[in-house]
Amino acid sequence: MSIVLDVQDIKTYFHTEYGLVKAADGISFQVNQGEIIGIVGESGCGKSVSILSVMQLIQTPGEIVDGKVMFDGQDLLRYTANGAEMRAIRGSKMTMIFQEPMTSLNPVLTICRQVTESLELHLDMDRQAARERSIELLKGVGVPDAERRVDDYPHQFSGGMRQRVMIAMALSCNPRIIFADEPTTAVDVTTQAQLLELMKDLVTRQNTSLVIVTHNLGVVARYAQRIYVMYAGRIIESGLSDDIFNHPRHPYTVGLLNSVPRLGERHGTRKLIPIYGLPPNLINMPPTCAFLARCTEKVEKCSKEPWPALRAVGDQHYISCYVDIKGK
Amino acid sequence: MTAYIIRRVIIGIIVLLLVTMLVFLLVRLLPGDPLMVYMGQFSVGGSGTTRITPEEYQFLYHQYGLDRSLPVQYIDWLGKIFHGDLGKSVTVGQDIGELIAERMPRTAYIGLITFVIGAVGGTFVGIICALRRGSWMDNTLTTLANIGMTIPVFWLGILLMYLLSYKLGWLPTHGWTHPLDNFGKHISQIIMPVLAMAVGSIAGLARLVRSCMLEVMRADYVRTAWAKGLQERVIVVRHQIKNAMIPVVTALGGAIGMILGGSVFIETVFGIPGMGRLMTTAIFDYDYQIVQAGVLLFGAIIIFSNLIVDIAWGWLDPRIRLA
């Protein structure tokens with residue numbers, strides 16, 4: 001299995017009027033060909049910023065200050081954000097599905113126009129060919145009556161249908177990798193499952209890699225092969241999906257799993273334990289572990305030493321913690 | 001879309017009817033008697049050469065229909081308008097339809113030039129500022145726009161006249177020449193009135209276009225467009241402008257009203273014999289027939305431009321079209 005994307009130590013900071021926000025502070029992850037990976041964390045932990053940084057879609061006052069994004073043997077961060085090289089990759093080899101299907105499609109353009117523009121730009125199709133291809137793509141993602149609906153406007157589509165359109169757009173130029181930023185957060189649970197199945201099915205067929213960013217560990221555990229858990233701008237645990245879900249080793253991941261019910265679990269057999277406190281303010285972060293204040297497993301070393309780097313605790317399993325909760 | 005337009009037209013007609021009622025009542029409820037002003041040099045029942053008897057006064061009062069009840073007068077006036085008869089001026093005795101036909105084209109001509117300059121200039125400045133936000137150019141133009149918006153049009157007119165005519169002597173202070181008679185003179189005479197009125201429109205629109213563009217730039221669908229790898233030029237033209245124009249079109253409709261209102265001042269300042277000045281003199285002379293017809297005409301123009309705005313909205317935004 002070859003590595004498609006190798007993100008190394010990305011640092012994306014936002015220069016806000018309240019101070020420097022280190023939204024992504026040294027994020028590294030790898031994506032293999034045809035692999036589905038999950039990036040999990042609470043709201044505001046820097047998941048979206050990390051993948052937007054890879055595509056260089058960070059807007060002011062944000063700035064990618066350091067890191068490497070190795071894709072096809074080139075470091076994407078050496079290209080200017082909106083230069084020709086980056087534009088040639090965005091939307092064709094590397095695409096993105098956004099969180100809000102309600103606002104991520106342009107309300108004044110027809111679905112057809114919005115799907116065809118990538119095809120015309122990256123695959124040099126003419127209007128007619130692009131239109132026919134759009135209809136095929138819409139059929140492929142399960143939009144009923146696609147021949148007619150292709151001329152509709154986004155407001156005539158339901159949330160789930162709009163997200164199908166977004167998926168069709170993301171797949172249109174046969175990308176090597178697709179980023180899905182909370183793709184199912186805004187739709188109801190049944191639609192969520194349908195969309196995830198659809199995405200899994202399509203990427204498997206095209207041998208495309210998929211990065212799912214979500215706050216729902218349950219969602220990714222089912223589809224992803226590997227999972228990265230983020231907290232306060234850093235990756236704090238990574239490993240195979242099965243290991244993370246069934247044998248978490250970092251106190252935060254353990255807390256995260258203890259706070260949500262599991263499928264198939266009998267009612268009353270396990271008490272749900274919330275993680276107390278709030279995520280830290282990303283301005284003026286302490287040098288120590290950012291989870292320290294909420295941690296139930298802390299030892300003396302935690303408040304004296306800086307936030308530890310990731311260390312291997314098993315085959316492909318890494319945590320950034322002095323404590324290793326093995327067997328708990 | 002057709003049903004939408006028909007509904008808008010019907011609403012427009014209803015509003016226009018309400019305007020006629022308001023206009024009619026406003027003028028009638030003012031203190032004073034048009035006939036008394038008209039015969040200002042006469043004195044009813046007095047002595048001397050310009051003597052007018054109460055009988056003669058009563059006769060004229062009856063002839064103009066002023067002795068009938070207000071609803072009857074209103075219906076009568078409205079009926080005549082439907083027949084294209086706007087009445088006769090009380091002071092000059094001229095047919096008001098003819099008077100308007102002579103004056104309105106001048107006002108419309110200057111207004112149209114102002115409108116085009118204001119719309120194009122304002123949109124252009126607004127887009128430039130939005131694309132280069134935070135730059136010295138944006139800051140300068142935004143400050144200028146803030147000043148430009150608050151300057152009263154007649155004050156700017158007089159200031160321009162003082163500077164360009166009195167101090168520098170570049171342009172004539174006032175007057176009107178038909179463009180086909182002497183084009184050079186015509187241009188020199190309309191520069192200042194157009195400039196004085198256009199400044200406010202450019203400034204107001206520039207501010208609005210700038211903020212609308214900035215808002216649209218942060219929209220999720222614009223981020224989607226960036227993620228597709230489109231060029232900035234394509235994103236601005238295809239994805240941003242149409243969305244940003246929806247509130248701007250509303251302001252453009254309002255600009256027409258502003259320009260018509262401004263013409264009342266500016267034509268007086270620069271001595272242009274258009275509708276604006278006709279209205280001003282009619283108000284001072286208590287020529288109620290002209291005031292009524294003029295306000296009605298302006299009202300109709302504004303209602304019509306709002307109708308155009310509504311239709312443009314439907315064209316720009318598919319969500320409105322189907323509503």
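The values are calculated or read from the model by the stated rules, or taken from the named source; none is laboratory data. All values reported here derive from a predicted model rather than from experimental measurement. Positions of Cβ are backbone-derived with ideal geometry, glycine not excepted, and every protein chain shown enters the neighbour counts.
Say whether the condition of being within 18 Å of B:Arg223 (Cβ to Cβ), crowded, with 20+ Cβ neighbours inside 10 Å, of a type in the set (A, V, I, L, M, F, W, C) and at pLDDT 90 or above is met by at least one residue in segment A:124-144. No, segment A:124-144 contains no residue that is within 18 Å of B:Arg223 (Cβ to Cβ), crowded, with 20+ Cβ neighbours inside 10 Å, of a type in the set (A, V, I, L, M, F, W, C) and at pLDDT 90 or above. Checking each residue in segment B:79-109 for being in contact with a helix residue (DSSP H, G or I) (Cβ under 6 Å, 6 or more places away or on another chain), assigned to a helix (DSSP H, G or I) and within 18 Å of B:Asp287 (Cα to Cα) picks out B:Ile96, B:Arg103, B:Met104.
Is at least one residue of segment B:73-84 modelled with pLDDT of 75 or more, under 30 Å from B:Pro193 (Cα atoms) and outside the structural domain of B:Gly262 (by TED's automatic domain parsing)? No, segment B:73-84 has no match at all. The condition (being out of contact with any Asp or Glu (no Cβ under 6 Å at 6 or more places or on another chain), assigned to a helix (DSSP H, G or I) and surrounded by 15 or more Cβ atoms within 10 Å (Cβ to Cβ)) is satisfied by just one residue among A:Val69, A:Val21, A:Val49: A:Val49.
This table checks each residue for (1) farther than 27 Å from B:Ala206 by Cα; (2) in contact with a Cys (Cβ under 7 Å, 6 or more places away or on another chain); (3) not β-branched (Val, Ile, Thr).
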| site | (1), (2), (3) |
| --- | --- |
| B:Cys129 | no, no, yes |
| B:Thr143 | no, no, no |
| B:Phe154 | no, no, yes |
| B:Ser165 | yes, no, yes |
| B:Gly175 | yes, no, yes |
| B:Asp181 | yes, no, yes |
| B:Ser188 | no, no, yes |
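The set of residues in segment A:22-47 being polar (S, T, N, Q), farther than 20 Å from A:Ile319 by Cα and at pLDDT 90 or above consists of A:Asn32, A:Gln33.
Against the test of being at negative phi and more than 13 Å from every other protein chain (Cβ to nearest Cβ), the options A:Arg87, A:Arg176 yield a single qualifying residue, A:Arg176. Selection of segment A:90-102 for residues being facing another protein chain (nearest Cβ under 7 Å) and surrounded by fewer than 22 Cβ atoms within 10 Å (Cβ to Cβ) yields A:Ser92, A:Glu100. Going by the structure shown, is A:Leu105 of a type in the set (A, V, I, L, M, F, W, C), over 21 Å from A:Gln225 (Cα atoms), within 11 Å of chain B (Cβ to nearest Cβ) and in contact with a Lys or Arg (Cβ under 9 Å, 6 or more places away or on another chain)? When the stated conditions are applied, A:Leu105 passes them.
Of the helices (runs of 4 or more DSSP H) lying entirely inside segment A:94-159, those containing at least 3 residues that are among the aliphatic types (A, V, I, L, M) span A:111-122, A:127-140.
Annotation: of all residues in segment A:199-214 being farther than 10 Å from A:Ile37 by Cβ and crowded, with 18+ Cβ neighbours inside 10 Å, the one that is nearest to the chain's Cα centre (by Cα) is A:Thr214. Looking across segment B:203-222, the residues that are in a helix (DSSP H, G or I), charged (D, E, K, R) and either more than 7 Å from chain A (Cβ to nearest Cβ) or crowded, with 20+ Cβ neighbours inside 10 Å (or both) come down to B:Arg207, B:Arg210, B:Glu215.
Going through (1) assigned to a loop (DSSP other than H, G, I, E, B); (2) modelled with pLDDT of 90 or more; (3) within 25 Å of A:Cys45 (Cβ to Cβ) one by one, A:Ala186 falls short only on (2). Taken over segment A:121-135, the criterion of being over 14 Å from A:Ala168 (Cα atoms) and more than 10 Å from every other protein chain (Cβ to nearest Cβ) is satisfied by A:Leu123, A:Asp124, A:Met125, A:Asp126, A:Arg127, A:Gln128, A:Ala129. Restricted to segment A:221-246, and to residues there that are assigned to a helix (DSSP H, G or I), out of contact with any helix residue (DSSP H, G or I) (no Cβ under 7 Å at 6 or more places or on another chain) and not basic (Lys, Arg), the residue that is surrounded by the fewest Cβ atoms within 10 Å (Cβ to Cβ) is A:Asn246.
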